[in-house]
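The values are calculated or read from the model by the stated rules, or taken from the named source; none is laboratory data. The shown structure was predicted, so the numbers you read here are calculated from the model rather than taken from an experiment. Cβ coordinates were reconstructed from backbone atoms using ideal geometry, including for glycine residues, and neighbour counts include every protein chain displayed.
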Amino acid sequence: MDVLKAGAEKVKETVSGKKTEEHLEKATDPNRPASDRVDHALQAGKSKLQEDEHAAKADSHAADHKYSH
């Protein structure tokens, strides 16, 4: 079961990473209004934190599985 949880967290990590990249692209686009760029920069930071959180959970679940046998 821990393997499945680890896999799910890896998927969530990947999705959060993709969202981070999208927000960073929008945050650095000079054609967007400044307030929009700031909003996207903030969202990129939040997405990065979620990505790191999912990575930690995936590692934890993988370690639980590795040492439970």
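The set of residues in the stretch 1-30 that are over 17 Å from LYS57 (Cβ atoms) and touching a Leu at 6+ places or on another chain (Cβ under 9 Å) comprises HIS23, ALA27. When you look at LEU4, is it in a helix (DSSP H, G or I) and surrounded by 14 or more Cβ atoms within 10 Å (Cβ to Cβ), yes or no? Judged against the criteria, LEU4 is not a match.
Looking for something among the hydrophobic types (A, V, I, L, M, F, W, C), outside any loop (DSSP other than H, G, I, E, B) and at pLDDT 95 or above - is there at least one such residue anywhere in the stretch 55-63? Within the stretch 55-63, none of the residues are among the hydrophobic types (A, V, I, L, M, F, W, C), outside any loop (DSSP other than H, G, I, E, B) and at pLDDT 95 or above. Name the residues in the stretch 18-46 that are surrounded by 14 or more Cβ atoms within 10 Å (Cβ to Cβ) and closer than 24 Å to LEU4 by Cβ, would you? Scanning the stretch 18-46 gives a single hit, LYS19. Sub-7 Å Cβ pairs linking a first residue in the stretch 30-51 that is polar (S, T, N, Q) to a second residue that is surrounded by 12 or more Cβ atoms within 10 Å (Cβ to Cβ) and assigned to a helix (DSSP H, G or I), at least 6 apart or interchain, are GLN43/HIS23; SER47/SER16; SER47/LYS19; SER47/THR20; SER47/HIS23; GLN50/SER16, ordered by first then second residue. Kindly provide the set of residues from the stretch 31-48 that are over 22 Å from SER60 (Cα atoms) and touching a helix residue (DSSP H, G or I) at 6+ places or on another chain (Cβ under 9 Å), ordered by number. Once the filter is applied, which keeps residues that are over 22 Å from SER60 (Cα atoms) and touching a helix residue (DSSP H, G or I) at 6+ places or on another chain (Cβ under 9 Å), the stretch 31-48 yields ARG32, ASP36, ARG37, VAL38, ASP39, HIS40, ALA41, LEU42, GLN43, ALA44, GLY45. Here is a check on your reading of the model: is GLU51 under 17 Å from the mean Cα position of the chain (by Cα), loosely packed, with under 13 Cβ neighbours inside 10 Å and not in a loop (DSSP other than H, G, I, E, B)? No, not satisfied.
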